[in-house]
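Okay, structure first, notes after.
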Amino acid sequence: MADLSIDFAGIKSPNPFWVASGPPSNTAYQAHRAFEAGWGGVVWKTIGEPIVNVSSRYSGLTLGGMRLAGFNNIELISDRSPETNFREIADVKKRWPKHAVIASLMVDTRERWHEFVTRSADCGADGIELNFGCPHGMCERGMGSAVGQNPDVAETIVGWVMEKATIPVIVKLTPNITNVVYAARAAKKAGAHAISLINTINSITNVNLDTLVPEPFVAGRSSHGGYCGPAVKPIALNMVHACAADPQVGLPISGIGGIGTWRDAAEFVALGSTSLQVCTAIMHHGFRIVEDMTDGLSAYLDSKGMRSLAELRGRAVPQVGNWQQLDLHYKRVARIDYEKCIGCNLCHIACEDGAHQCIDLVDAAPYGLGPGRVPGKPVPKVRENDCVGCNLCSIVCPVDGCITMTPVDTGRPPMTWHDYQAGLAAGTIQPILPHP
Amino acid sequence: MPIQPLIDAATAAETMADVKPPLAAQEARVEASRCLFCFDAPCIMACPTGIDVPTFIRKITTDNVVGAARTILEANVLGASCARVCPTQMLCEGACVMLDLEKDPIQIGRLQRFATDHVAANRIDVLTAPQIKDAGRVAVLGAGPAGLGCAAELARLGYAVTVYDRKPAGGGLNTYGIAVYKMRPEVSLDEVRMIERLGVEFRYGVEVGRDVQCADLARDCDAIFIGIGLGGANRLGIPGEDLPEVVDALEFIDWIHTRPLEQVPVGRRVAVLGCGNTAIDAVTQAKRLGAEEATIIYRRGPAEMSAYAFEYDLAKMDGATFLFDTMPVEVLAADGHVSALRLARTVVRDGRVEVVPGSEWTQPCDLVLKAVGQEKQVRLLERLFPGLKLDRQGRVEHDPATMRTSLSTVFVGGDAANGGREVVNAVAEGKKAARGIHAMLTGKAVTGPVQPSRHGTADGATGSGFNHPIRVHELEAALTKG
Ligand SMILES: Cc1cc2nc3c(=O)[nH]c(=O)nc-3n(C[C@H](O)[C@H](O)[C@H](O)COP(=O)(O)OP(=O)(O)OC[C@H]3O[C@@H](n4cnc5c(N)ncnc54)[C@H](O)[C@@H]3O)c2cc1C
Ligand SMILES: Cc1cc2nc3c(=O)[nH]c(=O)nc-3n(C[C@H](O)[C@H](O)[C@H](O)COP(=O)(O)O)c2cc1C
Ligand code: SF4
Ligand code: SF4
């Protein structure tokens with residue numbers, strides 16, 4: 001069995017799975033349940049001056065029957081007093097000394113930051129997460145994403161925190177920013193020990209077409225909420241990669257955003273995350289999901305011959321880079337397995353109307369017919385010479401393994417955009433002709 | 001005329017193919033993703049082994065198929081055979097919440113098969129047991145589902161277990177009795193091998209009471225488990241019963257399991273006496289092996305038959321005919337071989353079956369299969385275990401929580417204890433007995449695995465079916481009561 005334990009900027013945890021700051025980490029009761037179910041850490045619901053919440057706070061995006069494909073909220077930070085929160089953290093730490101408990105904080109003045117940082121360490125928390133990410137409610141008061149979106153302000157506040165911090169400090173970044181790397185660099189510059197990302201994304205999930213008010217509905221109005229859940233994973237992965245690949249950041253990363261299974265987790269680790277945080281998936285199914293996450297992740301590591309998470313961490317980072325580094329001479333084409341084809345012709349129409357018009361419908365006679373095919377119905381056939389290898393048909397095909405994007409040998413050596421430009425300048429390469 | 005085989009191997013392969021074929025990987029993933037991952041899920045309550053169904057199904061959606069198999073097999077070591085033979089409509093699938101949404105229930109049995117097939121095909125052992133077995137010594141009588149359930153759990157708890165069975169191979173009715181179109185005997189034999197790898201010792205061809213004596217076993221062991229199932233078919237008590245073509249349905253089914261299918265003799269006109277699930281299996285398999293006519297003869301009406309509705313439907317689809325309110329009065333012979341049955345109409349008066357006078361007629365047939373219930377092994381049990389208490393119906397009396405009998409170191413499970421239920425009940429009871437034995441010897445209780453739930457082990461219509469075996473209709477009654 002592979003070793004799933006982690007050391008995240010000095011915070012030790014039996015596995016990388018942490019409950020993200022949010023409703024599931026609101027109370028000691030929930031933290032106990034989370035640890036009993038197998039979570040490695042809990043990032044406490046953000047502690048600050050207690051706030052007041054509205055009634056009706058969430059909305060969900062249902063896609064093709066899948067509920068909570070995306071999830072949106074207009075909740076603020078903890079509505080419990082700092083005393084209660086710090087006391088409960090102390091309780092939880094006493095019962096779970098080997099698990100990670102992290103105090104998430106959001107206050108305004110330097111004095112308040114000093115006070116809350118000290119109280120976090122005093123109650124026994126293993127680390128502090130600075131919530132610079134909440135995109136609603138708090139930013140209007142100069143906190144949350146208002147801080148995270150301004151690297152200078154963020155740097156100043158991290159500086160205040162570092163003046164008093166005796167335990168590791170994680171800066172939680174907002175995705176509501178043009179380039180997240182600047183915020184990450186600011187955290188590094190100010191001396192933070194780690195970063196976590198992403199917090200939620202500004203969103204409106206829908207408009208009720210009868211009332212013309214989006215959900216969550218609050219007395220005839222709504223507000224821009226924070227978006228999270230499975231739908232945000234690609235955005236989060238991209239931002240995690242950007243921070244992991246930036247040489248000036250160089251901080252341990254806690255990956256957050258749309259994680260619900262061990263596969264999601266493995267992807268975040270491969271792109272450079274050390275710990276992983278989960279909110280929406282717990283709100284959907286409860287703490288019990290962690291069993292498959294630990295079981296599946298260690299089985300995956302075992303199957304790849306990796307003994308610990310460290311062997312997977314960041315392994316996919318070098319393969320992602322600028323577009324200019326890609327090989328312009330690489331070519332793959334779509335190949336259809338006629339044994340599997342069910343005759344929906346979605347590949348044809350996608351290519352015909354949505355891409356490059358290189359899948360024809362031809363007489364079926366010469367091709368084997370897959371199960372369920374109507375005899376005599378024409379079959380899709382790829383004109384491989386014209387296929388640009390865009391992947392669209394293989395993405396729309398409803399049958400696993402029916403359309404395979406297959407590399408073909410062009411007989412040409414690899415050539416990046418840089419090589420191409422250099423070759424053109426030197427006159428050693430003919431320009432690639434535009435498409436007719 | 002003596003009976004003989006009627007079809008060739010190729011035809012048999014087709015007619016006896018799985019009625020519930022395996023799911024392909026994509027089908028399994030799509031089906032699994034329909035599951036709501038319910039909390040305190042009714043499917044868990046309705047599984048007598050309390051498999052954490054939502055958890056194993058979720059693992060299929062994440063492609064953690066090995067983990068799914070582990071969830072299944074930790075709860076039910078015969079998960080592969082149960083996936084095929086469980087009457088899921090009466091159990092897990094019958095309880096699925098999807099039915100309340102007017103949707104098809106999740107195909108739990110087929111998903112269970114998908115996961116357990118995966119580890120079997122890839123030779124992955126997901127269960128482990130300590131190498132050194134120093135916790136104690138236990139003798140298990142009978143290598144059927146009950147004995148296997150008990151032996152596997154004991155081995156995992158560190159006991160040295162020896163299983164005795166009179167048959168040449170293990171599995172009990174899983175190997176020798178289940179309709180072949182539900183499960184091939186190889187699946188059961190594979191499960192036995194998996195349990196062997198947990199360190200359980202099997203002694204085949206050993207008849208307890210003849211080749212080994214219980215007194216000797218009692219001396220050498222800390223506990224004995226009785227998993228000997230039921231005996232042969234009840235007798236009819238009518239003239240002609242001893243003709244060569246009057247066969248115990250179980251014996252006919254045994255032929256199907258021990259000979260190549262194209263060598264199983266079967267009549268052209270088969271009469272099956274009785275209308276339980278065994279009768280259905282016999283009539284359906286006779287039909288699939290080439291019988292031109294196969295008729296069920298039952299003394300009462302369709303409402304009283306003990307066969308499940310879906311089994312009845314299957315037999316009708318296979319072209320079996322049903323003669324209700326009819327009973328045999330004599331088996332007739334020509335040249336020493338069965339040629340016909342004399343039948344009579346019956347009526348039920350005050351709950352008792354009576355022959356209608358003057359209603360007799362003759363129906364030609366060349367094979368008569370007796371499926372009028374199995375005997376309890378009362379005489380054998382009384383001889384083997386003097387003082388063992390049996391109930392009026394010949395079942396071994398026991399404490400349902402520990403499966404302990406009236407003798408302090410003797411435990412029981414399966415058909416011998418419950419009078420004949422399902423494979424899944426037998427495995428569950430065997431496992432429970434193993435835990436009962438462990439508790440008796442160490443004073444320590446073993447719990448789980450149960451779904452992490454605040455209600456998980458509470459009484460009533462919540463929690464795990466392992467703790468509270470409950471049928472769908474019982475579950476519904478309990479839930480409506482509140
Ligand atoms: C025809 C038929 C079809 C069935 N179909 C289904 C089905 O589709 N689904 C389902 O869930 N259930 C089915 N059942 C029921 C199921 O098979 C039984 O409930 C289950 O096998 C009981 O397990 P057991 O271990 O108690 O007994 P058995 O499976 O009967 O095993 C008992 C074992 O003990 C051995 N034994 C007995 N006496 C001795 C002795 N003196 N010495 C040594 N060994 C001995 C026997 O050889 C046998 O191997 C069916 C039953 C029958 C008869
Ligand atoms: C209802 C709700 C409340 C949240 N509250 C907080 C919070 O108080 N502090 C914080 O740092 N993040 C908060 N988050 C953001 C989550 O911690 C997490 O960054 C985000 O939801 C993305 O992860 P997910 O896709 O797993 O949900 C909240 C999210 C939700 C859905
Ligand atoms: S063992 Fe049988 S009853 Fe239990 S979940 Fe599997 S198929 Fe359903
Ligand atoms: S009841 Fe049905 S939907 Fe719910 S967990 Fe069980 S199988 Fe899934």
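The values are calculated or read from the model by the stated rules, or taken from the named source; none is laboratory data. Bear in mind that the values here come from a model prediction, so they are computed numbers and not experimental data. Reconstructed Cβ throughout: ideal geometry from the backbone, glycine too, with neighbour counts over all protein chains shown. Only protein heavy atoms, including side chains, enter the accessible area calculation; ligands, DNA and RNA are left aside. Shrake-Rupley method; radii C 1.70, N 1.55, O 1.52, S 1.80 Å.
For the reader, a short list of remarks on this structure follows.
- Filtering region B:205-259 to residues that are more than 30 Å from B:L332 (Cα to Cα) and part of a loop (DSSP other than H, G, I, E, B) leaves B:G205, B:V206, B:E207, B:G209, B:R210, B:D211, B:Q213, B:C221, B:D222, B:G227, B:I228, B:G229.
- Restricting attention to region B:61-74, the residues that are under 19 Å from B:C96 (Cα atoms) and more than 10 Å from every other protein chain (Cβ to nearest Cβ) total 1.
- Within region B:418-466, the set of residues being in contact with a Lys or Arg (Cβ under 9 Å, 6 or more places away or on another chain), away from chain A (no Cβ under 14 Å) and at pLDDT below 50 comprises B:A461 only.
- Residue check, A:A2 within 14 Å of another protein chain (Cβ to nearest Cβ), out of contact with any strand residue (DSSP E or B) (no Cβ under 7 Å at 6 or more places or on another chain) and of a type in the set (A, V, I, L, M): no
- Of everything in region B:12-62 that is of a type in the set (G, A, S) and assigned to a loop (DSSP other than H, G, I, E, B), the residue that is farthest from ligand 4 (Cβ to nearest atom) is B:A17.
- Filter result for the condition that a residue is in contact with a helix residue (DSSP H, G or I) (Cβ under 8 Å, 6 or more places away or on another chain) and in the same structural domain as A:I198 (by TED's automatic domain parsing), over A:A219, A:A231, A:A244: A:A244
- Which listed residue is more than 16 Å from ligand 4 (Cβ to nearest atom), closer than 23 Å to B:E153 by Cα, outside any helix (DSSP H, G or I) and at pLDDT 90 or above, from B:V119, B:V77: B:V77
- In region B:2-11, of all residues being open to solvent by less than 60 Å² (accessible area, probe 1.4 Å) and assigned to a helix (DSSP H, G or I), the one that is nearest to the other protein chains (Cβ to nearest Cβ) corresponds to B:T11.
- Residue in region B:171-185 that is open to solvent by 30 Å² or more (accessible area, probe 1.4 Å) and more than 27 Å from B:G267 (Cβ to Cβ) present: no
- Of all residues in region A:406-436, those satisfying the criterion of being within 30 Å of the chain's Cα centre (by Cα) and more than 23 Å from A:A364 (Cβ to Cβ) are A:P407, A:T416, A:W417.
- Residue-level analysis places B:F37 outside the set of residues that are more than 30 Å from B:L261 (Cα to Cα), in contact (Cβ under 8 Å) with a residue 40 or more places away in the chain and more than 16 Å from ligand 1 (Cβ to nearest atom).
- Filtered by the rule that a residue be of a type in the set (A, V, I, L, M) and either over 17 Å from B:T55 (Cα atoms) or more than 9 Å from every other protein chain (Cβ to nearest Cβ) (or both), region A:278-296 gives A:V278, A:A281, A:I282, A:M283, A:V290.
- Any chance A:E83 is loosely packed, with under 15 Cβ neighbours inside 10 Å, of a type in the set (D, E) and over 26 Å from A:V171 (Cβ atoms): no
Results for (1) among the hydroxyl-bearing types (S, T, Y); (2) at pLDDT below 95; (3) open to solvent by 40 Å² or more (accessible area, probe 1.4 Å), shown as yes or no for each residue.
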{"residue": "B:F225", "(1), (2), (3)": "no, no, no"}
{"residue": "B:G232", "(1), (2), (3)": "no, yes, no"}
{"residue": "B:C275", "(1), (2), (3)": "no, yes, no"}
{"residue": "B:T278", "(1), (2), (3)": "yes, yes, yes"}
{"residue": "B:T284", "(1), (2), (3)": "yes, no, no"}
{"residue": "B:S306", "(1), (2), (3)": "yes, yes, yes"}
{"residue": "B:D318", "(1), (2), (3)": "no, yes, no"}
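- Taken over region A:58-88, residues that are more than 30 Å from B:R34 (Cα to Cα) and either free of Cβ contacts under 8 Å to residues at least 12 places away in the same chain or out of contact with any strand residue (DSSP E or B) (no Cβ under 6 Å at 6 or more places or on another chain) (or both) amount to 11.
- Counting only strands (runs of 3 or more DSSP E) that sit completely within region A:1-110, those holding 3 or more residues that are modelled with pLDDT of 95 or more and closer than 17 Å to A:G226 by Cα correspond to A:58-63, A:66-73.
- Leading residue by the ranking (farthest from A:I403 (Cα to Cα)) among those in region A:317-354 that are among the β-branched types (V, I, T) and open to solvent by less than 70 Å² (accessible area, probe 1.4 Å): A:V317
- Test: residue in region B:37-52 that is in contact with a His (Cβ under 7 Å, 6 or more places away or on another chain) and within 14 Å of another protein chain (Cβ to nearest Cβ): yes
- Pair list, Cβ < 8 Å and 6+ apart or interchain, from region B:56-85 residues that are acidic (D, E) to residues that are open to solvent by less than 10 Å² (accessible area, probe 1.4 Å) and at pLDDT 95 or above: B:D63/A:G296
- Lone qualifier among A:T261, A:T200, A:T205, A:T211 - being crowded, with 24+ Cβ neighbours inside 10 Å and either away from ligand 3 (no atom under 16 Å from the Cβ) or within 14 Å of chain B (Cβ to nearest Cβ) (or both): A:T200
- Residues of region B:12-26 satisfying the condition of being crowded, with 16+ Cβ neighbours inside 10 Å and modelled with pLDDT of 95 or more: B:L23
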